[in-house]
1. Show the residue pairs that are 6+ apart or on different chains and have beta-carbon atoms under 9 Å apart, the first residue being within segment 43-70 and farther than 14 Å from G10 by Cα and aromatic (F, W, Y), the second being open to solvent by 10 Å² or more (accessible area, probe 1.4 Å) and modelled with pLDDT of 95 or more.
2. Looking at this structure, is G104 assigned to a helix (DSSP H, G or I), open to solvent by less than 30 Å² (accessible area, probe 1.4 Å) and modelled with pLDDT under 95?
3. Report yes if some residue within segment 7-24 is touching a strand residue (DSSP E or B) at 6+ places or on another chain (Cβ under 9 Å) and within 18 Å of C129 (Cα to Cα); otherwise report no.
4. Out of curiosity, is G90 in a loop (DSSP other than H, G, I, E, B), surrounded by fewer than 17 Cβ atoms within 10 Å (Cβ to Cβ) and free of Cβ contacts under 8 Å to residues at least 12 places away in the same chain?
5. Considering only residues that are exposed (fewer than 15 other Cβ atoms within 10 Å of the Cβ) and either touching a Leu at 6+ places or on another chain (Cβ under 7 Å) or outside any strand (DSSP E or B) (or both), which ones fall in segment 177-193?
6. For segment 24-49, which positions are part of a loop (DSSP other than H, G, I, E, B) and more than 19 Å from F75 (Cα to Cα)?
7. For segment 50-77, enumerate the residues that are part of a helix (DSSP H, G or I) and farther than 21 Å from G32 by Cα.
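The values are calculated or read from the model by the stated rules, or taken from the named source; none is laboratory data. This is a predicted model, so every value here is computed, not measured. FYI the Cβ positions are ideal-geometry reconstructions off the backbone, even for glycines, and counts take in every protein chain you see. Only protein heavy atoms, including side chains, enter the accessible area calculation; ligands, DNA and RNA are left aside. Shrake-Rupley method; radii C 1.70, N 1.55, O 1.52, S 1.80 Å.
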Amino acid sequence: MTTFFCMRHGLTEWNRECRIQGNKDIELCDEGRDMARKWGESLAGEGFDCILTSTLSRARETGALVNMALGLPMFEDERLGEQDWGEWTGLTKTELKNMRKEVGRQEYKGFGFRPEGGESRDEVLCRACDALIDFAAEHPGESVLVVTHNGVLRCLAHALSGSEFMPGDPVQYLPYKLHRIECIENELALGELNMEL
């Protein structure tokens, strides 16, 4: 069994502005770098074997800063990158609220949610699952710290909880926590959500 401990990257300026980043390559802000260093201190000595990150700089830098305290081998997989939000990339949450009809129509598609010109939650889920299962096959029995993105983690949390990702679904995923996912014989299973970092 390979065990993945998954976390979101540190804060960026676009996060602070409540702006949709999607797969645009936005760097961490200074506060995000401080968050990552503190996470590294709290995660030191927890028995991780390696770190796996998305290829976007905010995840890679978070992983590298955490790793200053851990000193582990690091790997990257672009399939762990954030959802492509297409034409909605760069919009603020307020601007999205002003598009409530279109956004609402998409939200009621559950995993079929697809921003205009972007990718669906189902596509995000499939590539993220493939990335974790492939990595588990190459690293059997290891404990892996994964640094990825909010959209990826939400898709995994809903799917592995048996949720259809519809508005009002009761999955309690929190962004700046640690989430345990186990891979046994090429199958992913949810261990625990919202563990303290």
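1. Here the result reads F48/F5; F48/L70; F48/L72; F48/E142; F48/S143, each pair linking segment 43-70 to a residue that is open to solvent by 10 Å² or more (accessible area, probe 1.4 Å) and modelled with pLDDT of 95 or more.
2. So G104 passes the test.
3. yes
4. The answer is no for G90.
5. E185, N186, A189
6. Of everything in segment 24-49, those that are part of a loop (DSSP other than H, G, I, E, B) and more than 19 Å from F75 (Cα to Cα) turn out to be K24, I26, C29, G45.
7. Answer for segment 50-77, where residues must be part of a helix (DSSP H, G or I) and farther than 21 Å from G32 by Cα: there is none.
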